[in-house]
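Just below is one structure, and these are the notes that go with it.
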Amino acid sequence: MQEKLVELAIQARKNAYAPYSKFTVGAALQTNSGSIYTGCNVENVSYGATICAERTAICKMISEGENTISAICIASETGCTPCGMCLQVILEFASQNEDISIVLVDKDSTIRRTSMKELLPHPFHTLS
Ligand code: THU
């Protein structure tokens, strides 16, 4: 099933709007119900209003009435990990006590598998 996420993230990357950085990113996430949402980065001339591919996909998921991520694939030239802001936003929609699988794919379709617990082992939260 994660092959499908990889394929859709690569596809979504083609829609990226990245005229400033030229660094195009695609994301495809799967929810606990099995639905898939994709996204790409959408840059803005103000720079600060840029939205990352992961958060585009998450906004699509939330606006369609779902809220629990089980896996996310991110496609970029370098196979980069999600930025800190995206990690915190992905974590917001994790199911309790379950890790989220994170799959990274680069321009040559080389895949690296990691997880939310590995990339953000000590996240910020307000519960004691
Ligand atoms: N970007 C993402 O889409 N996801 C990330 O996790 C890191 C960065 C985008 C934002 C910007 O459009 C471009 O990559 C360069 O930073």
> Can you find a residue in the stretch 3-12 that is part of a loop (DSSP other than H, G, I, E, B) and farther than 12 Å from I74 by Cβ?
Replying inline: no
>> Can you find, within the stretch 34-61, the residue that is surrounded by the fewest Cβ atoms within 10 Å (Cβ to Cβ) among those that are over 22 Å from S115 (Cβ atoms) and among the β-branched types (V, I, T)?
In response: V45
>> Show me the strands (runs of 3 or more DSSP E) found entirely inside the stretch 16-128 where at least 3 residues are within 13 Å of the ligand (Cβ to nearest atom) and in contact (Cβ under 8 Å) with a residue 60 or more places away in the chain.
In response: 69-76
> Is it true that F93 is exposed (fewer than 12 other Cβ atoms within 10 Å of the Cβ) and aromatic (F, W, Y)?
Replying inline: no
> Out of Y37, Y47, which single residue is among the hydroxyl-bearing types (S, T, Y) and under 11 Å from the mean Cα position of the chain (by Cα)?
Replying inline: Y37
>> All but one of (1) under 18 Å from M116 (Cβ atoms); (2) touching a strand residue (DSSP E or B) at 6+ places or on another chain (Cβ under 7 Å) hold for C83; state the number of the condition that does not hold.
In response: (2)
> When you go through T31, T81 one by one, which is the residue that is buried (at least 17 other Cβ atoms within 10 Å of the Cβ), among the β-branched types (V, I, T), under 28 Å from T126 (Cα atoms) and touching a Ser or Thr at 6+ places or on another chain (Cβ under 6 Å)?
Replying inline: T31
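Every number in this text was worked out from the coordinates using simple rules, so none of it is lab data. For clarity, every value in this text was computed on a predicted model and none was experimentally measured. Neighbour counts run over all protein chains shown; Cβ positions are idealised from the backbone, glycine included.
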